[in-house]
Amino acid sequence: MKVGEGRPNIVDLIKNGEIDLIINTPLGKVSRFDENAIGRNAILKKIPFITTLSGAAASVKGIQAMRRESIKVRALQDYHKEIILNNYSQVIEKHK
């Protein structure tokens, strides 16, 4: 239910801790009012807030990947080192 259309609405659900992720693609002036209220409360409750379809699609893909496999956290420097070593190995193999 839109924020201005009565209660309970999305802001009430956010405040009650019933929402874990928000995908909101607003259109028009009324939607902008709702977006501000939703966004403000999402920030207060530290709830992820996505406002574009491309952002939503990327988030869905990320969530699906997380469900398929465990998360591997690595430093950016480790990825860079791996890339450099792989490229170096390929160059060495070419010149053998």
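Read-outs: derived from the displayed coordinates by stated rules, not from any lab. No experiment lies behind these values; they were computed from the predicted model shown. Because the Cβ atoms are built from the backbone with ideal geometry, glycine has one as well, and the counts that use them run over all protein chains shown.
A few points about this structure:
- Between helix 28-45 and the chain there is an angle of about 70 degrees, using the helix long axis and the longest principal axis of the Cα atoms.
- A simple packing score, the average count of other Cβ atoms within 10 Å per residue, orders the peptides 87-95, 70-78, 56-64 as 56-64, 87-95, 70-78, with the highest score first.
- Taking all Cα-Cα distances within segment 20-64, those exceeding 13 Å account for 56%.
- Where N is the number of residues in the chain, Cα Rg divided by 2.2 N^0.38 Å: 1.73
- Sequence-distant lysines (8 or more away, or on other chains) whose Cα lies within less than 25 Å of Lys94: Lys81
- Helix 76-94 and the longest principal axis of the Cα set of the chain meet at an angle near 30°.
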